[in-house]
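See below for the structure under consideration.
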Amino acid sequence: MKILVTGAAGFIGYHVSRKLLENQHHVVGLDNLNDYYDVALKLSRLEQLGIASEDAKVFNKTALSNTFDRFRFVRMNLENREQLPGLFATEKFDVVCNLAAQAGVRYSLESPETYVDSNIVGFLNVLESCRNYSVRHLLYASSSSVYGNAKSVPFKTTDNVDYPISLYAASKKSNELMAHTYSHLYGFRTTGLRFFTVYGPWGRPDMAMFLFTKAILNGEPINVFNNGEMERDFTYIDDIVEGVTRIIEDSYTSGYESNRKYKLYNIGNSDSVKLLDFISALEKELNMRAEKRMMPLQPGDVLRTWADVSELTRDYGYRPNTLVSEGIHQFVEWFKKYYKI
C-alpha cells in the first residue's frame, strides 16, 4: 500500500512510519517541523528514516530517503489548501494516517489560535483531500483528553465526551465529529484512535517521562502536579505502533462491521498507574532519588485516565504487553545514549 503519515517527524509518527516501512509499504511522511519543541529532535528522528536534515528543512520539496527506498518526506503545513491537495493528486494514497497536530494541553491555554489552525483547519484540509482523491481509509489521532474529568473508569468510547476541559481536547472532539460527518456524507472509512499517555524512546520533551528523567539526572527538582494525586494509563510506544499498523493493514476484519464507515477506539495500556508509583519506578531505574516539588492541579489537566481497549482487542486482537518498568528501562537507555550521558 501507499500510505501518507502526517506528523512523521513526531514521536508516534516516526515510529509508525518506521514500522510500515519494515513491513514493506510505501510511505510518504509529512511534517511542518514547527518549533513547539526542539526541532533538532524531530530532524534526528527523520535522519533515522534516512532523510538528511538539510533536505527536510525545505518546504514543499520531496526528499528521498537514503535508507529506505520506499520512503519520501515533504515539509508542509496541513492547512495549506494548495499544496496538500496537490500532494494527494500526485501520490494517490491508499491510506492516510493523520498523526499531525498541535499537541499539549497546557500550551493550548497560551496559543489557542495555533490549535484551531493545525487541529481543525488542517484536519478539514485532510478530510477534503481524502474525499476528493479517493482515499480508502483515514486513520487519525484523537486523544484521551476528550474524556475530561470523567468519573467512571475505565473510559469507554460510549461514554459522554461533551465536556472537554482544554481547547486541545475540544479540538480532538471536533476531529471526531468532522470525521463522522465525512464518513456519513461521502462514504469513505474513518477510524479515530484515542491515545492514552504514550511514552518511550524518541519521546516528546514536554511529556512527564522526558521531563522527569532529564531533571533527575541533572539533580533538579521535578514538578509533581496535584501533589501527586493523579493517575495515567501510561502506554509504551511499541504497543501503540502495533495497534496502529494492524488497523492500517487490515482493511476489514471479522469483527469489523463493513456497513459502518466510522469507528472510534481507545488505544492504551488498559491500566491506570499512580503518578507517584511511576516516579518511583523511574527512580529505581536511574538509581537516583527525585526531589519532588509538589504543585497544585494545572488548568486543563485531568485527574485520571484509564482506557477500556476491549473493542480494539475484539476487532484487531490488540493486546498491550509492555510493563511500565520495562518501558521506563527502554526509554532511559535511549535517553542516555541520545544525550551521551
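The values are calculated or read from the model by the stated rules, or taken from the named source; none is laboratory data. All values reported here derive from a predicted model rather than from experimental measurement. All Cβ positions, even for glycine, are placed from backbone atoms using ideal geometry, and neighbour counts span all protein chains on display.
Among the residues of segment 304-320, just one is more than 15 Å from residue 195 (Cβ to Cβ) and of a type in the set (Val, Ile, Thr), namely 313.
Taking the listed residues 63, 100, the one that is closer than 29 Å to residue 225 by Cβ and either outside any helix (DSSP H, G or I) or free of Cβ contacts under 8 Å to residues at least 60 places away in the same chain (or both) is 100, with no other qualifying. If residue 2 satisfies every condition in (1) touching a Leu at 6+ places or on another chain (Cβ under 8 Å); (2) farther than 24 Å from residue 115 by Cβ; (3) not β-branched (Val, Ile, Thr) but one, which is the exception? Only one criterion in (1) touching a Leu at 6+ places or on another chain (Cβ under 8 Å); (2) farther than 24 Å from residue 115 by Cβ; (3) not β-branched (Val, Ile, Thr) is unmet by residue 2, namely (1). Identification of helices (runs of 4 or more DSSP H) wholly contained in segment 156-272 with 1 or more residues that are among the β-branched types (Val, Ile, Thr) and buried (at least 21 other Cβ atoms within 10 Å of the Cβ) yields 208-217, 237-249. Filter segment 105-133 down to residues that are of a type in the set (Ser, Thr, Tyr) and modelled with pLDDT of 95 or more and give me whichever is farthest from residue 7 (Cα to Cα). Once the filter is applied, the top-ranked residue is 133. Scanning segment 212-251 for residues that are closer than 22 Å to residue 202 by Cβ and in contact with a Ser or Thr (Cβ under 8 Å, 6 or more places away or on another chain) yields a count of 8. When the test is whether a residue is in contact (Cβ under 8 Å) with a residue 24 or more places away in the chain and either more than 16 Å from the chain's Cα centre (by Cα) or more than 23 Å from residue 95 (Cβ to Cβ) (or both), residue 173 passes it.
Residues that are touching a helix residue (DSSP H, G or I) at 6+ places or on another chain (Cβ under 7 Å) and either closer than 19 Å to residue 294 by Cβ or free of Cβ contacts under 8 Å to residues at least 60 places away in the same chain (or both) do occur in segment 179-188, at least one of them.
Given the structure, is residue 21 in a helix (DSSP H, G or I) and in contact with a helix residue (DSSP H, G or I) (Cβ under 7 Å, 6 or more places away or on another chain)?
Values: in a helix (DSSP H, G or I): yes; in contact with a helix residue (DSSP H, G or I) (Cβ under 7 Å, 6 or more places away or on another chain): no.
No, not satisfied.
Per this entry, residue 78 is counted among residues that are within 21 Å of the chain's Cα centre (by Cα), surrounded by 21 or more Cβ atoms within 10 Å (Cβ to Cβ) and modelled with pLDDT of 95 or more.
When segment 281-322 is filtered for residues that are surrounded by 13 or more Cβ atoms within 10 Å (Cβ to Cβ) and assigned to a helix (DSSP H, G or I), the ones remaining, listed by number, are 281, 282, 283, 285, 286, 310, 311, 312, 313, 314, 315, 316. Let me spell it out: the conditions are (1) of a type outside the set (D, E, K, R); (2) over 21 Å from residue 200 (Cβ atoms); (3) out of contact with any Pro (no Cβ under 9 Å at 6 or more places or on another chain), and residue 40 meets all of them except one. Which number is the exception? Unmet for residue 40, out of (1) of a type outside the set (D, E, K, R); (2) over 21 Å from residue 200 (Cβ atoms); (3) out of contact with any Pro (no Cβ under 9 Å at 6 or more places or on another chain): (2).
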